Every structure is written in structure tokens, then in C-alpha cells.
1. Report the extension gain between residue 51 and residue 6 in nm, rounded to one decimal, defined as 0.36 nm multiplied by the number of residues separating them, less their alpha carbon distance.
2. To make sure I understand, if each residue's beta carbon is the centre and we count other beta carbons within 10 Å, what order do 10, 17 fall in, fewest to most?
3. At a Förster distance of 35 Å, what's the computed FRET efficiency of residue 39 paired with residue 69, Cβ-Cβ distance as r, to 0.05?
4. Testing the spin-label approximation: label points 7 Å from Cα along Cα→Cβ at residue 15 and residue 86. State their distance in nm.
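Computed from the coordinates by the stated procedures, all read-outs in this text should not be read as laboratory data. The shown structure was predicted, so the numbers you read here are calculated from the model rather than taken from an experiment. Backbone-built Cβ (ideal geometry, glycine too); neighbour counts: all protein chains shown.
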């Protein structure tokens with residue numbers, strides 16, 4: 001199965017391009033293959049980082065005891081009621 005390709009123009013820093021050319025030559029593969037592999041790896045890392053930040057954010061909200069309420073209330077008054085055994 002052949003993957004669909006898109007032709008594009010990019011501005012790549014000179015030193016990065018020199019390293020890319022050398023790596024491609026040493027490995028015997030094309031620069032395009034190296035760029036595609038590097039982009040895939042980079043995207044996977046970014047996706048995993050995003051998942052982790054969402055998980056950490058959710059855990060933080062649960063740890064902090066953050067809740068949503070259907071109507072507004074005074075947290076101070078509710079704590080007083082709780083301490084007085086009214087809840």
C-alpha cells in the first residue's frame with residue numbers, strides 16, 4: 001500500500017540541512033525518509049506530552065477537590081455548617 005504524499009516547501013536552517021544530508025548519505029536513505037521519520041517521532045512525542053498534561057490536569061483537579069455546582073454558594077458558610085454538624 002502506497003502512502004499519499006504532499007509536496008511542500010520549507011525553510012530549514014543551514015546547519016540542520018547539512019546534518020540531514022550527511023545522515024542520509026551515511027544511512028543510504030533519502031533526506032525525505034529521514035525528515036518523515038523525524039516528524040513522525042516528533043508528533044508522537046507531542047501527542048504523548050499532550051495526553052500526559054491532560055491526565056496531570058485531571059488528577060490535579062481531583063486532588064484539589066475542585067467540584068462544579070448547579071448554583072452558587074458560599075464555601076465559607078458551607079464549611080461552618082459542616083463543622084457545626086448541619087450537613
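1. 13.4 nm
2. Result, fewest neighbours first: 10, 17.
3. 0.20
4. 6.7
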